[in-house]
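The values are calculated or read from the model by the stated rules, or taken from the named source; none is laboratory data. These figures come from a predicted structure and were not determined experimentally. We place every Cβ from the backbone using ideal geometry, glycine too, and count neighbours over all the protein chains shown.
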Number of protein chains: 2
Amino acid sequence: MARLKSRVTSFDVAKLAGVSQPAVSRAFTPGASITKEKRDRILAAAKELNYVPNVFASSLSSKRSNMVAVISGNLNNPFYSETLQVFVESIQRTHRQVLAFSVQDGRDSDDVMMQAMRYPIDGLVVTSAQMSSELVKLSEGLGIPVVMFNRRVVGSELSGVQCDNFEGSAVLGRLMAAAGARRILIVRGDPQGSTSIDRVQGFRSAVDGVAGVEIEEVDGESSYSGARNAMIRRFNGPGPRFPDAIFAVNDIMAIGCADALNENFGLKIPDDIMLAGFDGIREGQRAPYSLTTVRQPVERMVAETLELLKAAPEDLKGAEAQRRVIPGDLIPGHTVPGMGRWAR
Amino acid sequence: MARLKSRVTSFDVAKLAGVSQPAVSRAFTPGASITKEKRDRILAAAKELNYVPNVFASSLSSKRSNMVAVISGNLNNPFYSETLQVFVESIQRTHRQVLAFSVQDGRDSDDVMMQAMRYPIDGLVVTSAQMSSELVKLSEGLGIPVVMFNRRVVGSELSGVQCDNFEGSAVLGRLMAAAGARRILIVRGDPQGSTSIDRVQGFRSAVDGVAGVEIEEVDGESSYSGARNAMIRRFNGPGPRFPDAIFAVNDIMAIGCADALNENFGLKIPDDIMLAGFDGIREGQRAPYSLTTVRQPVERMVAETLELLKAAPEDLKGAEAQRRVIPGDLIPGHTVPGMGRWAR
DNA sequence: CGTTGACTTGAATACGCATTCACATCTTTC
DNA sequence: GAAAGATGTGAATGCGTATTCAAGTCAACG
């Protein structure tokens, strides 16, 4: 806990420039009422003294803080690190700053969020994590707008933005069924997470009625190694019977499956077994995989999230929460056969 | 620019609990001098009113801010997003917060850093970006410790942590030469960046003396698509003569090269052409690539960076800057032949 | 029983800046 | 040329907390 050196203050600058302290404040405020000559003199003095306004002090008195907190879920999943990148760049573009937190999958996120709320932030984005009702109450009490990103919101207090996981997965289900999939393995992620749940249900809804379809589920732990190991565990030993098709509820697990099937069992995709994922991460789109998947339109989702954050704090209480469900984009890829007609 | 709602203050809590305001402050300060009974009463009142201490006000008066700013370079390179993740998790573990910035490759980073310095931060980590001498002076004036991550520091004012890029690349050069590489293509990154420069030099130093070696360099723009396109541009057209070996100065470019060579030219790695990268990103280690590379020990580098940040501000001026150069770890991979003996 | 010392406590103040408000200066307008 | 407006300026004050500091409480000790 470093003790901060006492900084040069606006008074010091004022003295050097021969003006009052408020003048210094105005010199640094665009559009403030001050003569150009005086502003220049002040800025010169400021440069000489290495003065920059202290954001903490300034937002204390102005009741304005251009900070947005972003709490990220499992950053080992490239989808979330790509998303964090988009958040950082988007927020920065609007001249605000990002206070970044990460919360391990399954770990208690309450204390991390509590930390975030001690800042007078303009808003809080929560990516794939739960939020206790205590915290919801706290955020309301503090007047901090909260938007859940990529997680279906339970209850009715919170706003949220998510991809249409159910329908996107249903599309994949129909495609796979049409391509002849009958023995299907679903690799699910966090059993508690709405994302995995919705995707599994959406997929099942599309294939359940198809004659001859059998479905099995395994846990891929939402990660590359989790899915890879699940494959190895499941198909090891003498003469396992492989499914026709695998649907992994996210791309990073699909990639884990692909690598295991190729490396450990010598299977070719999609000839021996077809595969689909969900998210549209960069890695899945590269040549060795060319994964058939549904892309979450991250840029748009982030933009809508920041839009919802603008909800004025005073509107928070009464106004009902906003939900935005955004359709995903099917990416044909090469891991489900017969997708040529989808290519542009 | 949302106007912050006026929050519940420590005075409100004090009144409800029937104590003075300083008592509330003490109740929230671990180890402060206050009876357990009174602290409990205060915490109960705080919970009832949804009170949490305001970090801005608190650090204004305590001259202590548990914030570290991290300015990330090109986040499209997985190495930097993996690094950012490690920073976030490490810093959070020490109960501090991360103020995250990103600066596009080549863009002016000065204004972003200026933004960061308006916060009373405990330290500033700059990942792969330049820092003007003006800013160095400013950071000294403000007493903010700065550590450059993964960039050789020019001049003598700044501390820095980096991998031994020269020697790591030299190791790769020796390996490739020993494996028979003679016609070698180097895919470089940012021509201004010390990282690319050092790696190119290190590699050349190892192969320059070898008889019959010819070296060509192309620009891969530090990115997947940059390297991929460079390959396509370079080898397109009738009867190009392919090199024996390609050294890309980072993994993401090596992956771009691998995909282009496979997809566009039907070349097999390492049979037709050998390949090496640098960084050790997750993606390069996966089965389809199994890239021969040098891994930057990110965890250790981050730990050392945070260590250097502890330099007390008052020591900043006089004390000479610290430099830590950390050796990389060779990862044998499968993209340079004859590496079996390196496997553990 | 009077003291010393270890803890608690609250009044007052500092932290660095933005904002209000009343006043001074400078432009317009008829 | 005087009145009305527009603009620039600084003294004073507020933002919400941590930190003095002097006064208060209590137990143990001789």
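Here are a few things to note about the model shown:
- Some residue of the range A:137-156 being closer than 21 Å to A:Val213 by Cβ and of a type in the set (Phe, Trp, Tyr): no
- B:Pro238 meets the conditions (1) in a helix (DSSP H, G or I); (2) without any contact (Cβ under 8 Å) to a residue 12 or more places away in the chain in every case but one. The failed one is (1).
- Some residue of the range A:28-36 being part of a helix (DSSP H, G or I), surrounded by 19 or more Cβ atoms within 10 Å (Cβ to Cβ) and either within 11 Å of DNA strand D (Cβ to nearest atom) or not assigned by TED's automatic domain parsing to the domain that holds A:Leu124 (or both): no
- Scanning the range B:155-172 for residues that are buried (at least 18 other Cβ atoms within 10 Å of the Cβ) and either of a type in the set (Asp, Glu) or under 24 Å from B:Val187 (Cβ atoms) (or both) yields B:Gln162, B:Cys163, B:Asn165, B:Phe166, B:Gly168, B:Ser169, B:Ala170, B:Val171, B:Leu172.
- Per-region count, the range A:85-120, residues touching a Ser or Thr at 6+ places or on another chain (Cβ under 6 Å) and within 16 Å of DNA strand D (Cβ to nearest atom): 1
- Being within 37 Å of the chain's Cα centre (by Cα), over 28 Å from B:Arg7 (Cα atoms) and either within 12 Å of DNA strand C (Cβ to nearest atom) or of a type in the set (S, T, N, Q) (or both) holds for only one residue in A:Asn66, A:Asn77, and it is A:Asn77.
- Residue list for the range A:1-23, restricted to those being near DNA strand C (Cβ under 10 Å from one of its atoms) and more than 14 Å from chain B (Cβ to nearest Cβ): A:Phe11, A:Ala14, A:Ser20, A:Gln21, A:Pro22, A:Ala23
- Selected residue (criterion: surrounded by the most Cβ atoms within 10 Å (Cβ to Cβ)) from residues of the range A:90-101 that are under 14 Å from the mean Cα position of the chain (by Cα) and more than 15 Å from B:Ala69 (Cα to Cα): A:Ile91
- Residue within the range B:62-84 that is at pLDDT below 95, assigned to a helix (DSSP H, G or I), under 23 Å from A:Leu99 (Cβ atoms) and within 13 Å of DNA strand D (Cβ to nearest atom) present: yes
- Flag for A:Leu49 being in contact with a helix residue (DSSP H, G or I) (Cβ under 9 Å, 6 or more places away or on another chain), away from DNA strand D (no atom under 15 Å from the Cβ) and farther than 29 Å from A:Leu309 by Cβ: yes
- Listed by position, the strands (runs of 3 or more DSSP E) contained in the range A:96-181 that have at least 1 residues being more than 12 Å from chain B (Cβ to nearest Cβ) and without any contact (Cβ under 8 Å) to a residue 40 or more places away in the chain are A:146-149.
Here's the yes/no breakdown for (1) more than 9 Å from every other protein chain (Cβ to nearest Cβ); (2) of a type in the set (D, E, K, R); (3) under 14 Å from B:Val298 (Cβ atoms):
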position: B:Ser58; (1), (2), (3): no, no, no
position: B:Asn74; (1), (2), (3): yes, no, no
position: B:Asn77; (1), (2), (3): yes, no, yes
position: B:Val86; (1), (2), (3): yes, no, yes
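- Residue match in the range A:63-86 (condition: over 27 Å from A:Gly193 (Cα atoms), surrounded by 19 or more Cβ atoms within 10 Å (Cβ to Cβ) and touching a helix residue (DSSP H, G or I) at 6+ places or on another chain (Cβ under 8 Å)): yes
Residues are listed down the side, and each one gets a yes or a no for (1) assigned by TED's automatic domain parsing to the domain that holds A:Gly277; (2) surrounded by fewer than 24 Cβ atoms within 10 Å (Cβ to Cβ); (3) closer than 27 Å to A:Glu320 by Cα:
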position: A:Val125; (1), (2), (3): no, no, yes
position: A:Asn150; (1), (2), (3): no, no, yes
position: A:Val153; (1), (2), (3): no, yes, yes
position: A:Ser205; (1), (2), (3): yes, yes, no
position: A:Ala211; (1), (2), (3): yes, yes, no
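- Options A:Gly189, A:Gly160: the member that is farther than 28 Å from A:Cys257 by Cβ and small (Gly, Ala, Ser): A:Gly160
- Whichever residue in the range A:200-220 is more than 27 Å from the chain's Cα centre (by Cα) and aliphatic (A, V, I, L, M) and, among such residues, is farthest from A:Ala179 (Cα to Cα): A:Ile215
- Scanning the range B:39-59 for residues that are more than 24 Å from B:Val88 (Cβ to Cβ) and either surrounded by fewer than 16 Cβ atoms within 10 Å (Cβ to Cβ) or touching a residue at least 40 places away in the same chain (Cβ under 8 Å) (or both) yields B:Asp40, B:Ala44, B:Lys47, B:Glu48, B:Leu49, B:Asn50, B:Tyr51.
- Assessment of the range B:31-52 against the conditions (under 30 Å from B:Val302 (Cβ atoms) and within 11 Å of DNA strand C (Cβ to nearest atom)) yields at least one matching residue.
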